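The values are calculated or read from the model by the stated rules, or taken from the named source; none is laboratory data. Quick caveat, the model's predicted, so the values are computed rather than measured. Every residue, glycine among them, receives a Cβ derived from its backbone with ideal geometry; neighbour counts consider all protein chains shown. Ligands, DNA and RNA are stripped out before the accessible areas are found, and what is left, the full protein with its side chains, is counted by its heavy atoms. Shrake-Rupley method; radii C 1.70, N 1.55, O 1.52, S 1.80 Å.
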Amino acid sequence: MKQQKEYSVQVHAYGRAWMIAALIMMLMVPVSMCIYFGVWPNALDVLAGLLGVAPIYWVVCSIEVFTYAPMLGSGGTYLAFVTGNITNLKAPAAINAMEAAKVKPGSEEGEVISTIAIATTSIVTTLILGAGVLLFAQMQPILKSPVLQPAFKMILPALFGGLGVVYIAKNWKLAIAPLVVMIGLFVAVPSLASSVSVLVPVGALIAIGTARILYKKGLV
């Protein structure tokens, strides 16, 4: 128990430090460009631009923290939010790793497995991106090939489809309601495809509500 508490304290200390460092580094990119070129934007123009965009990101960020943190654990959450690409890569990798190790999200074992999985995906992604940058010029004709374009468009659906089948097969009664609602919603309003991050907790609430109803009726 003491070791777990010490581990948690260290994770939060290092996690906060690295998130602050990452934020500073991100902000230094535009700042360094402004310093180099000797051109600074008007403060009112920056504020006007932020007012139209920033509130959306604040809402999405808050929702993602409350949605993913219980699933990924403390260490995994800090790593995922610093390295990014949570919905497309980090969360599926962590869920798949915990499933393979037969541990539950939120447990001590799940915390360790999730952190290792997200760290591994971060390293692999960095290596692949580095190789991609170096080889991009040579691979460009292949990547732009019309034959491969349909495959690139289906990578994300294939990833979530493969993961979804496992969980839907285990809890198909709980999966029906959110699946029907979300499919109907996206068919009725296709433009919502760009708001997946906001709709993830909505689907989660529908699943939780369905589970409660079915549990009271003794169906699960």
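Which helices, taking whole DSSP H runs in the chain, have alpha carbons extending 18 angstrom or more along the helix axis plus mean Kyte-Doolittle at least -1.0?
Details: long enough: 2-37 (53 Å, 0.61); 43-83 (39 Å, 1.35); 108-143 (47 Å, 1.25); 155-170 (24 Å, 1.70); 172-188 (24 Å, 2.14); 196-216 (30 Å, 1.60).
Those that pass (Cα extent of 18 Å or more, hydropathy at least -1.0) are 2-37, 43-83, 108-143, 155-170, 172-188, 196-216.
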Handout entry: Once the Cα gyration tensor of region 48-108 is diagonalised, semi-axes √(5λ) in Å
Key = 28, 11, 8
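If packing is taken as the average count of other Cβ atoms within 10 Å, what order do 154-163, 202-211 fall into, highest mean first? Show your work: numbers first, answer last.
Values: 154-163: 12.1, 202-211: 15.4.
Packing order, densest peptide first, comes out as 202-211, 154-163.
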Problem - Ordering of 106-115, 58-67 by packing [mean C-beta count within 10 Å, highest first] - result: 106-115, 58-67
Exercise for the section: Mind jotting down a quarter of the surface of the convex hull over the alpha carbons of region 1-153, in square nanometres, one decimal? Expected result: 13.2
Handout entry: Charge dipole of the chain about the Cα centre (unit charges at C-beta), most positive-ward option of N42, I183, L89
Key = I183
Handout entry: Sequence ranges 167-173, 99-105, ranked by mean other-Cβ count within 10 angstrom, highest first
Key = 99-105, 167-173
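Working from the pairwise distances between different alpha carbons, so that the mean of 1/r is found and then inverted, what is region 67-192's Kirkwood radius in Å? Please list the in-between numbers first.
Details: mean 1/r = 0.0600 Å⁻¹.
The answer is 16.7 Å.
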Completion exercise
Taking the alpha-carbon centre of each part, the distance from region 141-220 to region 53-95 in Å is 17
Fill in the blank from the handout: Pairs over 32 Å Cα to Cα, from K5/K216; K90/K144; K5/K173; K5/K217; K5/K153; K102/K216, come to K5/K216; K5/K173; K5/K217; K5/K153
Practice task
At q = 0.11, 0.15, 0.25 Å⁻¹, what is the base-10 log of I(q)/I(0) for region 128-220 according to the Debye formula with one equal point scatterer per Cα and no solvent? Please give it to two decimals.
Solution key: -0.52, -0.78, -1.30
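How much accessible area per residue does region 1-159 have, in Å², with a 1.4 Å probe? Don't jump to the answer; show the numbers that get you there.
Values: 11450 Å² over 159 residues.
With all protein chains present, region 1-159 gives 72 Å² per residue.
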